[in-house]
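Notes to accompany the following structure.
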């Protein structure tokens with residue numbers, strides 16, 4: 001992401017997975033304070049990821065998000081977020097009840113919203129991101145919302161019933177007017 005006037009410009013970063021990105025990060029203008037080009041690196045962490053917090057089981061992959069201005073994320077201190085970044089994380093269809101970010105040696109809660117197979121996360125720090133089923137939380141893990149076929153079928157049947165009733169009313173009115181002559185009608189020859 002380029003920068004201007006001491007802050008980064010708008011930018012995105014995503015994983016390069018064959019079936020489509022598993023994580024997409026959105027950075028608003030001014031998220032980073034710098035006059036240099038910002039590079040964002042997203043790495044899936046199968047090995048080397050921090051251990052899950054107590055009472056927690058990871059759901060899906062752990063992704064490390066790093067932002068830096070040098071040649072690599074290890075060359076300089078990490079860039080800090082000035083305003084929250086937004087992340088879309090694809091999760092497997094399994095129950096989870098929290099999404100956390102790992103920084104400063106421990107896991108921290110995030111603000112998140114679940115969708116069918118995506119989680120929208122608001123991050124105030126970069127680091128490792130993962131969804132968890134934490135059995136110590138009062139909020140029990142819920143499977144992600146699914147496609148509700150029954151509600152769609154019910155709505156379609158209701159619509160069909162309304163159309164049939166409407167057609168019946170129109171047909172009755174036309175029959176009732178069938179015996180009356182229209183005074184404006186032009187007589188047929």
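Structure values in brief
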quantity	calculated
Top-ranked residue of the range 75-111 - restricted to ones that are under 24 Å from residue 39 (Cβ atoms) and within 15 Å of the chain's Cα centre (by Cα), ranked as surrounded by the most Cβ atoms within 10 Å (Cβ to Cβ)	87
Residue 135 being at negative phi and modelled with pLDDT under 80	no
Close pairs from the range 64-81: first touching a residue at least 40 places away in the same chain (Cβ under 8 Å), partner in a loop (DSSP other than H, G, I, E, B) and surrounded by 17 or more Cβ atoms within 10 Å (Cβ to Cβ), Cβ under 6 Å, at least 6 apart	65/126; 66/73; 67/38; 67/79; 67/126; 79/32; 81/31
Among (1) at pLDDT below 90; (2) over 30 Å from residue 138 (Cβ atoms); (3) crowded, with 17+ Cβ neighbours inside 10 Å - the single one residue 38 does not satisfy	(1)
For residue 117: the one exception among (1) in contact (Cβ under 8 Å) with a residue 12 or more places away in the chain; (2) more than 19 Å from the chain's Cα centre (by Cα); (3) over 18 Å from residue 32 (Cβ atoms)	(2)
Some residue of the range 12-22 being outside any loop (DSSP other than H, G, I, E, B) and buried (at least 19 other Cβ atoms within 10 Å of the Cβ)	yes
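The values are calculated or read from the model by the stated rules, or taken from the named source; none is laboratory data. Note that this is a predicted model, so its numbers are computed, not measured. Every residue, glycine among them, receives a Cβ derived from its backbone with ideal geometry; neighbour counts consider all protein chains shown.
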